[in-house]
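The values are calculated or read from the model by the stated rules, or taken from the named source; none is laboratory data. This one's a predicted model, so the numbers in the text were calculated from it and none came from an experiment. Every residue, glycine as well, gets a Cβ built from its backbone with ideal geometry; the counts of neighbours run over all protein chains shown.
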């Protein structure tokens, strides 16, 4: 341990050189702290913001690419595609979805269909708005029968909405927007078998005194349509009896202060939304569609056109898009990359990663700037410390020669020099840690303000920043991407010098010292004690 004692004596003996080295490491440490602090704050801000977003991915047809392909075909080829459009269109297949669902990261899949229908033996929850009052006063719908006679029947407005899914879970339940309060959700067996089951809202259940186990009837046609199609479909076939297997609570409420409230229909109320399996309603829809075709054929055709009643049930359950929720918001991009070859041509994944990256661009630029600063400082530190150490060897040749002559190995001499630099570096970095947190915070704020101002200027010029991702929960166009603005992302930015950063600084300091001692070590290995002592004498 004599080399350690010699190192300490040399540090205390050469006070001026030691102080200069401490100041050098102090300045280096502050710059490194600023860089690492800013980088860490930027990454933490992005992570926190991303964690607050729904981890969802849309699987959809790439319409632009598909229609571009079709437009490039000959007229004969195009006609062939249109003649068998259902078979040729690049829908999302169930096989694709099931393959994606095999991934353990998948929590829920929404492949939704929405229909606005009519309450049968129960009442929709009223809105008590102007539109509802106007609808009650509009009593008749008139049409011409096949003999040219005008017939008027009571007109009826849709008052409930059916949202059906192809799979045994919904994203709304995973996000907490919906919560089963009594009963259960439907199973995959009930979906596959087309079981007539449903879930209704607490409000609808309370308004009609309904409970789990009760049966409700919904109608696929209003009274005017039933009268119009009576020759082609029985009233019984327009009805669908559903067993209530669950009552759920929705977090979405009716806002009576909203601008469009007075023009809302009952079916737009979240309280009148019924959930059920998609296959459970398909057969009834097919029967209604056949009846409609027969009616229009008789009214406006020759009445002899053959109507195909052998519908392919699977075609009615095609998936044009689906939304997949995974378990980790930070894993969205990895999930897409892992499965990008699953979909094949003319289909694609969509996520809010692109918009998120645009919103977080100031943080990315800030991180890049900080990392460049850190690497410039580290490289310069190695060069400076190497130069200082090498220059001091000339003044310490006699000391080195004496140690070599008394049997001290060159390895121990190199280790002594290394220990001297480590002690000085630790002192300098310790002082830097005490002051660096305050400096890093101030510098980070100034650079962030400048970067945001610059980013806003570019965004205005490019007209790319619309203030955030708009999330809607509309009946037909549900968007599960989370609403987030650049301001919300930047609010998470806060420079803090964590224990991990402090550890990184000391590790980085040891690395700088190690690299800085390499050239002086090579010089020491070439020293000859006899030549040193003779030249000194």
For helices (runs of 4 or more DSSP H) lying entirely in region 175-257, having 2 or more residues that are touching a strand residue (DSSP E or B) at 6+ places or on another chain (Cβ under 6 Å) and either buried (at least 17 other Cβ atoms within 10 Å of the Cβ) or at pLDDT 85 or above (or both) picks out 188-192, 202-208
Does residue 172 fit the bill of being touching a strand residue (DSSP E or B) at 6+ places or on another chain (Cβ under 9 Å), outside any strand (DSSP E or B), at pLDDT 90 or above and within 30 Å of residue 56 (Cβ to Cβ)?
-> yes
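Considering only helices (runs of 4 or more DSSP H) fully contained in region 319-416, which possess at least 2 residues that are in contact with a strand residue (DSSP E or B) (Cβ under 8 Å, 6 or more places away or on another chain)? If you could, list the steps in order and put the result at the bottom.
Details: elements: 332-339, 353-359, 361-395, 397-405.
Helices (runs of 4 or more DSSP H) meeting the threshold: 332-339.
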Out of curiosity, is residue 162 assigned by TED's automatic domain parsing to the domain that holds residue 257, crowded, with 17+ Cβ neighbours inside 10 Å, modelled with pLDDT of 90 or more and under 30 Å from residue 342 (Cα atoms)?
-> no
